[in-house]
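Accompanying notes for the structure given below.
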Amino acid sequence: MTLYDLQGEYLRLYDMATDEEDEQAFLDSLESLDAELEAKGNGYANVIKQLEMEAQECDRAIEAFQRKKEIRENHVKRMKEALIRAMDVIGKDTIKAGEYTLKVSNNGGLQPLVVDGDVPANYMRIKYEPDNQLIRKAIAEGKELGFAHLEPRGRHITIK
């Protein structure tokens, strides 16, 4: 029986309880459904725990691959810097290296900008953003705010 089927059975059981049928039949049906739900719940919990463990293993694998990626990117950066230094020493912007042509070029785009000091106010940007704590406090005090409201809290399953 699926969880969907169990929901239907609980609704049928509710109907039995409200139709004032035989008390023993109601109790027997309730006990049977509880056992069925417990078995389904156990199966679901097993699958959930397995999937959670696999997701954690995926996180560990992602972290390991991210470290490998960063190491390789750092090697590439150092090798390119070494090539640029060597080509600068010999005074060449372009060299033919077997099947490759290596060329040193200036980067495009905006020049890098470094701001290292107190910036005058006329060079500052003001950023407005909602003050969530203030908004929550106002709502908690009973104020009606047309631009914000509190949503109901979510629910979750705890598996121990």
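For the reader, a short list of remarks on this structure follows.
- Prolate/oblate/rounded label for segment 68-160 (Cα gyration tensor, a/c 1.5): oblate
- Taking the helices alone, the chain has a mean residue ellipticity at 222 nm of -21000 deg cm²/dmol, built from -39,500 (n - 2.57) per DSSP H run of at least 4 residues and averaged over all its residues.
- On the basis of the beta-carbon distance and an R0 of 30 Å, Lys40 and His156 show a calculated FRET efficiency of 0.95.
- Gyration tensor verdict on the chain (Cα atoms; rounded if a/c is under 1.5, prolate if a/b is larger than b/c, oblate otherwise): oblate
- Label-point gap, in nm, between Gln24 and Glu141 - each point 7 angstrom along Cα→Cβ: 6.5 nm
- Charge dipole (debye, nearest 20) of the chain; +1 at Cβ of Lys and Arg, -1 at Cβ of Asp and Glu: 2520 debye
- Lys80 paired with His149, simple spin-label distance in nm, labels 7 Å along Cα-to-beta-carbon: 5.2 nm
No lab work stands behind these numbers, since they all come straight from the coordinates. It should be emphasised that the depicted structure is a prediction, and the values quoted were computed from it without experimental measurement. Don't worry about glycine lacking a Cβ; one is built from the backbone with ideal geometry, like all the others, and counts go over all protein chains shown.
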